[in-house]
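Report on the following structure.
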Ligand SMILES: [Fe+2]
């Protein structure tokens, strides 16, 4: 790649300089002691653009999704980082450059861009043995919770037929059910919304469709 990233605040500094590093570090160095009772994984996702922006500039939110997992067990912590291999990222890697234009505006994309415009970079949540990477402009993408390998776009075993899915589903603390909604649920500009409730075992328990007065962002 010989296109430089822009030297703008969105692409530089400790917080925003693209990392683009996937990998594993077994047994991280620890300052102090991690109690052995802490056992589990802390997941995090953030935008991390694989390629410099096609239009020369961009906002931070438009970067490809990099998922990190910090795996705690027996007083040790190990780290794994993987990109979510969305259709969008796969198309960029094929062409060796960014193919995506203005944030969440697929109509400004290169004709070679993937049809699915999502980066899946807003949040991650474990559910029913997969880790879901989410952005509200599309359905989730599923990852293997251990290896962070991308399994693919996730429609809950065919139970949910929506164009979109919230990036911030909630877990009912009593039942473990996943509570979620969709807006622009029948595609860009549609006023259709839906509400879903999914059991911890992945069974769709409730589904309600309705229309908002007009299409609008519902974060
Ligand atoms: Fe948010």
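Would you calculate a helix-derived [θ] at 222 nm for the chain, using -39,500 (n - 2.57) for each DSSP H run of n ≥ 4 and dividing by the full residue count, to the nearest 500?
Values: 2 runs with 13 residues, N = 219.
It lands at -1500 deg cm²/dmol.
The order of 154, 141, 209, going from fewest to most other C-beta atoms within 10 Å of their C-beta, is 209, 154, 141. GNM on the chain, alpha-carbon springs under 10 angstrom: the most fluctuating residue among 94, 81, 104 is 94. Measuring between their Cα centroids, the stretch 170-219 and the stretch 35-54 lie 25 Å from each other.
Of 198, 160, the sequence from fewest to most neighbouring Cβ atoms within 10 angstrom is 160, 198. Need one number: the % of Cα-Cα pairs in the stretch 82-126 sitting beyond the 15 Å mark. Tail of P(r) above 15 Å: 40 percent of Cα pairs.
With a 10 Å Cβ neighbour count serving as the proxy for reagent exposure, in which order, fewest first, do 130, 218 appear?
Result, fewest neighbours first: 218, 130.
In this rough spin-label picture, where each label sits 7 Å from Cα along the Cβ direction, the residue 74-residue 159 distance is 3.6 nm.
Result for the chain in a Gaussian network model with C-alpha springs under 10 Å: among 36, 136, 184, the largest mean-square fluctuation is at 36.
Which value, in Å³ per residue, describes the convex hull spanned by the Cα atoms of the stretch 156-219? If you can, show how the numbers build up before the last one.
Values: hull volume 5.1 nm³, N = 64.
Value for the stretch 156-219: 80 Å³ per residue.
With one equal scatterer per alpha carbon and no solvent term, the Debye-computed log10 I(q)/I(0) for the stretch 1-66 at 0.14, 0.16, 0.18, 0.23 1/Å reads -0.57, -0.68, -0.77, -1.02. Provide the gained length on full extension for the span residue 115 to residue 218, in nm with one decimal, where the gain is 0.36 nm per separating residue minus the Cα-Cα distance. Result for the pair: 34.8 nm of gain on full extension.
Annotation: the chain has a Kirkwood hydrodynamic radius of 18.6 angstrom, from the mean reciprocal C-alpha pair distance. Highest GNM mean-square fluctuation among 189, 23, 158, for the chain modelled with Cα contacts below 10 Å: 158.
Read-outs throughout are calculated quantities, based only on the coordinates presented, and are distinct from any laboratory measurement. As the structure is a prediction and not an experimental result, all values here were calculated from the model. Quick reminder, even Gly has a Cβ in these numbers, built from the backbone with ideal geometry, and neighbours come from all protein chains shown.
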